[in-house]
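Participant: Sharing a structure here in C-alpha cells format.
Just so it is clear, none of the values below were taken in a lab; they were calculated from the coordinates. In this text, all values refer to a predicted model and were calculated from it rather than measured experimentally. Here the Cβ is made from the backbone with ideal geometry for all residues, glycine too, and neighbour counts use every protein chain on show.
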Amino acid sequence: MTAAPPRLLTVAGSDSGGGAGIQADLKTMLALGTHGMSVVTAVTAQNSLGVQGAWELPVEAVRAQYRSVVDDIGVQAVKTGMLASAELVEAVAELLAGTDAPTVIDPVGISKHGDSLLAASALDSVRTRLLPVATVATPNLDEVAQLTGVHVESEDGLRRAAAALLDFGPRWALIKGGHLSGDAVDLLTDGTEEHWLRAPRHDNRHTHGTGCTLASAIAAGLAKGLTVPDAVRAAKEYVTGAIAAGFALGEGIGPVDHGYQWRSGS
C-alpha cells in the first residue's frame, strides 16, 4: 500500500473562476506533491474581471469542516486565506491554536481587482487573534498597510513593515514587495535573521492567485519538514515560474499556471 503524501489543509474562500482561493491552493498542493484538503469559509462569484458577490459560511459550518478533517485525517500544515468576518477570524484562530502543525496566514484583505474580501471590523481580530498563531504571515503591501498603517514605497520600507507586523506575534513575517517597481523582492524575517528573496519581474499581467499560491507553496514545504527559510525559498521559485507561465482567461486578469512544471516537462 502506498504511503499517504504530506497532508495540507487550506481554510479559505472559493474562487468560482478557479484562479485563486481554495482552487489555487489545492492545485498548488497537488503540484508540489502533497495531499490538499479544504475548509470553505466563503463562496464567491468571481471571474477574470473581479468579484461579483461573496457569501460567508456560518461559523458552525467552518468549525465542523475543520474538525472533520483534523480529527480523522490529521494535518502537517495549515494555510489560511479569505476569512471575511471577525467571527470567522476568531473561530479559525481558536481552531489553529489547538492544532499542532505549522500555520501559514495569508491575511487576505483585497482581491487582485481591488475588491474587499475582509470586513473592516475584522482587522482587529486578525491583529490580536490570528497573527499570534502564525508560523509565517504573508501580507502584500496593501494588506500590510491595512494591518499596521505602514505604507511601503521602496525596499527600505520592507524592514519597517516587517517589524510592525512582528509586533502582532507571528514567528516569521514575509513582506511581499511585488507591488514595488524593479525586481520582485520579498523580505522574510523573524526579527533576528533576514532573508531577502529576489526574482526577475515577468512582463505578464496574468497573475491572479499569486498570493494564495505562494502561501500554499510555503505550507507544502513546511509539511515536508523544511525550515521556514527553505520553504519560502522553494515557494518563491515555484510561484515565479507559475507567474511566468500565467495565461489569459476571460476578458480580464488571467491566473498563474499552477501546472507549468508538468507542461514544460521539467
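Participant: Computed FRET efficiency, Cβ-Cβ of ASP124 and THR192, R0 30 Å: what is it to the nearest 0.05? Present the calculation step by step, with values, prior to reporting the outcome.
Facilitator: Numbers: r = 27 Å, r/R0 = 0.91.
Working from the Cβ atoms, E equals 0.65.
Participant: What's the exposure ranking of LEU32, LEU187, going from fewest to most Cβ atoms within 10 Å?
Facilitator: Details: LEU32 23, LEU187 20.
Fewest to most other Cβ atoms nearby, the residues stand as LEU187, LEU32.
Participant: Mind listing the Cα extents of region 7-256 along all three principal axes, in Å, largest one first?
Facilitator: Largest to smallest, the principal-axis extents are 45, 44, 37 Å.
Participant: I'd like the antiparallel share, as a percent to the nearest 5, of DSSP beta bridges with both residues in the chain.
Facilitator: Working: 17 of 40 bridges.
In the chain, DSSP labels about 45 percent of beta bridges as antiparallel.
Participant: Let me know the volume per residue of the alpha-carbon convex hull for region 1-54, in Å³. All intermediate terms of the calculation are to be shown ahead of the outcome.
Facilitator: Working: hull volume 3.6 nm³, N = 54.
Here the figure is 67 Å³ per residue.
Participant: Among ALA184, ALA61, ALA97, determine the one that fluctuates most according to a GNM of the chain built with springs between C-alpha atoms less than 10 Å apart.
Facilitator: In this elastic network of the chain, the residue with the biggest mean-square fluctuation among ALA184, ALA61, ALA97 is ALA61.
Participant: Can you give me the distance in nm between label points at LEU49 and ALA97, each placed 7 Å from the Cα along the Cα-to-Cβ direction?
Facilitator: 4.4
Participant: In addition: Tell me, ASP124, ASP72 in order of fewest to most beta-carbon neighbours within 10 Å?
Facilitator: On the way: ASP124 12, ASP72 7.
Listing ASP124, ASP72 from fewest to most nearby Cβ atoms yields ASP72, ASP124.
Participant: Apply the Karplus parameterisation 6.51 cos²θ - 1.76 cosθ + 1.60, with θ equal to phi minus 60°, to every residue of region 86-91 and state each ³J(HN,Hα) to the nearest whole Hz, in sequence, with x for glycine and proline.
Facilitator: 4, 4, 5, 4, 5, 5
Participant: For region 3-151, I need the span (max minus min coordinate) of the C-alpha atoms along each principal axis, in Å, sorted largest to smallest.
Facilitator: Rounded to whole Å, the extents work out to 45, 33, 28 Å.
Participant: Using Cα springs under 10 Å in a Gaussian network model of the chain, which residue among VAL75, VAL136, VAL59 shows the largest mean-square fluctuation?
Facilitator: Highest fluctuation of the listed residues: VAL59.
Participant: Dipole of region 190-229 (Lys/Arg Cβ +1, Asp/Glu Cβ -1, origin at the Cα centre): which of HIS195, ALA217, THR207 lies farthest to the positive side?
Facilitator: Farthest towards the positive pole: THR207.
Participant: What list do you get for LYS236, LYS79 if you sort them by fewest beta carbons within 10 Å?
Facilitator: On the way: LYS236 22, LYS79 31.
The most exposed by this proxy come first: LYS236, LYS79.
Participant: Between ARG63 and THR227, take the C-beta separation as r, use R0 = 45 Å, and let me know the FRET efficiency to the nearest 0.05.
Facilitator: Details: r = 31 Å, r/R0 = 0.69.
FRET efficiency, ARG63 to THR227: 0.90.
Participant: Still on this structure: On a full-extension model of 0.36 nm per residue, what is the gain between ALA163 and ALA4, subtracting their alpha-carbon distance, rounded to one decimal in nm?
Facilitator: Extra length available between ALA163 and ALA4 comes to 53.4 nm.
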